[in-house]
Amino acid sequence: MSQVTAITAADEIEAPGPGWASRLARAIRRNPTIVAGGVLLVLLIGLAVAAPWISGDPFKQTPVNRLRPPSEKFWFGTDRYGRDVFARTLHGARISLTVGFAVAAISSVLGLLLGLLCGYFRRIDAVLMRVMDGLMAIPSILLAIALITLTRPGLAIVIVAIVIPEVPRIVRVVRSVVLAIKTQPYIESAISGGTRTTKLLARHVLPNAMAPLIVQATYVCASAMLTEAGLSFLGAGVPLEIPSWGNIIAQSRDFFQIAPWAIFIPGAFLAVTVLAVNMLGDGLRDRLDPRLARRL
């Protein structure tokens, strides 16, 4: 009887677990939104990184080929100056993705630090949140126009103009999380035990604030790309000579009836990119929220 038990136990130990293919399929079934958004975003990032090698010169003008429809030579057609829309669209992805990721990163870091201070220290909260409310009342487009009027237009100015109104939104999210965590018994126990404030924030408060911060950062990224395109379309974004999706659409609007592809194609890329980021954010929200995760 003992030998039979030993053999059965050995078989159970040696039984192979599910293969990587089955684990991958299970992950896709459980997180279809994250996978779809992530695949789209990785593909777009790959196209943007490889733009110099898979497309032509986005600045080359060939007037003889102006306003040509999509063809084997010009996959996305040409614009009013005979420039390749395919090359300009891929290079424009670099601007939009750079702005989106930079704004999300800077806003998240600043919003996290300020949110921790506002949520944990009442005196700082009373002053700092009034400043945040004032910043939220400033439209990013008007702020960008004002900054460009005082300085020269550029990518850094656009990022700063978008970051300023986005930081208060992240501050409010982090602050609400900190206020909810601060009343928990284990926080009060740590305080009574003499735990330093910096250690308390880093070990207990910060990890609980990361999940909503990551989700909010994805929405900030998508919003920043739309705002940058709107600013460039109005002439308040990056300089016109730099190919961005907003600039491409703005420079082709006078020829919409003749060459609609010069507007639809960069607009479609912008829409797909924002969709991918939003899908990724929705999926992360479902997975990082314990109440929603239990239903999946």
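The values are calculated or read from the model by the stated rules, or taken from the named source; none is laboratory data. Bear in mind that the values here come from a model prediction, so they are computed numbers and not experimental data. Note that each Cβ is placed from the backbone with ideal geometry, even for glycine, and that neighbours are counted across all protein chains shown.
Without any contact (Cβ under 8 Å) to a residue 24 or more places away in the chain, under 19 Å from the mean Cα position of the chain (by Cα) and assigned by TED's automatic domain parsing to the domain that holds Gly82, is that true of Ala276?
Details: without any contact (Cβ under 8 Å) to a residue 24 or more places away in the chain: no; under 19 Å from the mean Cα position of the chain (by Cα): yes; assigned by TED's automatic domain parsing to the domain that holds Gly82: yes.
Taking the combined requirement at face value, the residue does not satisfy it.
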Looking at (1) more than 21 Å from the chain's Cα centre (by Cα); (2) surrounded by fewer than 15 Cβ atoms within 10 Å (Cβ to Cβ), can you tell me which one Pro207 breaks?
(1)
I want to confirm something. Restricting to the range 49-76 and keeping residues that are closer than 25 Å to Val158 by Cα and surrounded by 20 or more Cβ atoms within 10 Å (Cβ to Cβ), which single residue is modelled with the highest pLDDT?
Ala51
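Among residues belonging to the range 96-142 that are among the β-branched types (Val, Ile, Thr) and modelled with pLDDT under 90, point out the one that is surrounded by the most Cβ atoms within 10 Å (Cβ to Cβ). Even if it seems obvious, please write down each step before you answer.
Residues of the range 96-142 among the β-branched types (Val, Ile, Thr): 98-99, 103, 106, 109, 124, 127, 131, 138, 141.
In the following step, the residues that additionally are modelled with pLDDT under 90 were identified as 124, 127, 131, 138, 141.
On the way: Ile124: 14, Val127: 9, Val131: 13, Ile138: 14, Ile141: 17.
So the residue we want is Ile141.
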Of the conditions (1) free of Cβ contacts under 8 Å to residues at least 24 places away in the same chain; (2) out of contact with any helix residue (DSSP H, G or I) (no Cβ under 9 Å at 6 or more places or on another chain), Asp254 clears all except one; give me its number.
(1)
Any residue in the range 187-197 that is touching a Pro at 6+ places or on another chain (Cβ under 9 Å) and in a loop (DSSP other than H, G, I, E, B)?
no
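With Ile263, Ile248 as the choices, which residue is without any contact (Cβ under 8 Å) to a residue 40 or more places away in the chain, aliphatic (A, V, I, L, M), outside the structural domain of Ile138 (by TED's automatic domain parsing) and touching a helix residue (DSSP H, G or I) at 6+ places or on another chain (Cβ under 7 Å)? Please lay out each step first, then the result.
Working: Ile248 fails: without any contact (Cβ under 8 Å) to a residue 40 or more places away in the chain.
Answer to the check: Ile263.
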Within the range 237-268, tally of residues that are assigned to a loop (DSSP other than H, G, I, E, B), within 14 Å of Arg88 (Cβ to Cβ) and among the aliphatic types (A, V, I, L, M)
4
Which condition does Asp79 not pass, out of (1) over 27 Å from the mean Cα position of the chain (by Cα); (2) under 30 Å from Ala202 (Cα atoms); (3) surrounded by 21 or more Cβ atoms within 10 Å (Cβ to Cβ), if it passes all the others?
(2)
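In this structure, is Glu166 in contact with a helix residue (DSSP H, G or I) (Cβ under 7 Å, 6 or more places away or on another chain) and either part of a helix (DSSP H, G or I) or among the hydrophobic types (A, V, I, L, M, F, W, C) (or both)?
Working: in contact with a helix residue (DSSP H, G or I) (Cβ under 7 Å, 6 or more places away or on another chain): yes; either part of a helix (DSSP H, G or I) or among the hydrophobic types (A, V, I, L, M, F, W, C) (or both): yes.
Taking the combined requirement at face value, the residue satisfies it.
Step by step: first the residues of the range 114-159, then only those that are in a helix (DSSP H, G or I) and among the polar types (S, T, N, Q), then the one that is farthest from Leu97 (Cα to Cα). Which residue is that?
So the first thing to find is which residues in the range 114-159 are in a helix (DSSP H, G or I), and the list is 114-120, 122-136, 140-150, 155-159.
Add one more test, that the residue is among the polar types (S, T, N, Q), and what stays is 140, 149.
Values: Ser140: 18, Thr149: 25 Å.
It comes out as Thr149.
Output yes when any residue across the range 158-171 is within 30 Å of Ser244 (Cα to Cα), in contact with a Lys or Arg (Cβ under 8 Å, 6 or more places away or on another chain), surrounded by 13 or more Cβ atoms within 10 Å (Cβ to Cβ) and free of Cβ contacts under 8 Å to residues at least 40 places away in the same chain, and no when none is.
Taking the range 158-171 as the starting set, the residues that turn out to be within 30 Å of Ser244 (Cα to Cα) are 158-171.
From the residues that got through so far, the ones that are in contact with a Lys or Arg (Cβ under 8 Å, 6 or more places away or on another chain) too are none.
Scanning the range 158-171 turns up no residue that is within 30 Å of Ser244 (Cα to Cα), in contact with a Lys or Arg (Cβ under 8 Å, 6 or more places away or on another chain), surrounded by 13 or more Cβ atoms within 10 Å (Cβ to Cβ) and free of Cβ contacts under 8 Å to residues at least 40 places away in the same chain.
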I'm told Ala146 meets every condition in (1) among the hydrophobic types (A, V, I, L, M, F, W, C); (2) touching a residue at least 24 places away in the same chain (Cβ under 8 Å); (3) surrounded by fewer than 18 Cβ atoms within 10 Å (Cβ to Cβ) except one. Can you identify the failing condition by its number?
(2)
Top-ranked residue of the range 251-270 - restricted to ones that are surrounded by fewer than 16 Cβ atoms within 10 Å (Cβ to Cβ) and touching a Leu at 6+ places or on another chain (Cβ under 7 Å), ranked as farthest from Ala222 (Cα to Cα)
Ile258
Kindly indicate whether any position in the range 107-114 is free of Cβ contacts under 8 Å to residues at least 24 places away in the same chain, in contact with a Leu (Cβ under 9 Å, 6 or more places away or on another chain) and more than 30 Å from Trp261 (Cβ to Cβ).
no
From the option list Gly235, Gly281, single residue qualifying as outside the structural domain of Gly111 (by TED's automatic domain parsing) and closer than 20 Å to Ala144 by Cα is Gly235
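Could you identify the single residue in Val277, Val238, Val220, Val272 that is of a type in the set (A, V, I, L, M) and in contact with a Lys or Arg (Cβ under 9 Å, 6 or more places away or on another chain)?
Working: Val277 fails: in contact with a Lys or Arg (Cβ under 9 Å, 6 or more places away or on another chain); Val238 fails: in contact with a Lys or Arg (Cβ under 9 Å, 6 or more places away or on another chain); Val272 fails: in contact with a Lys or Arg (Cβ under 9 Å, 6 or more places away or on another chain).
Criteria check complete, one pass: Val220.
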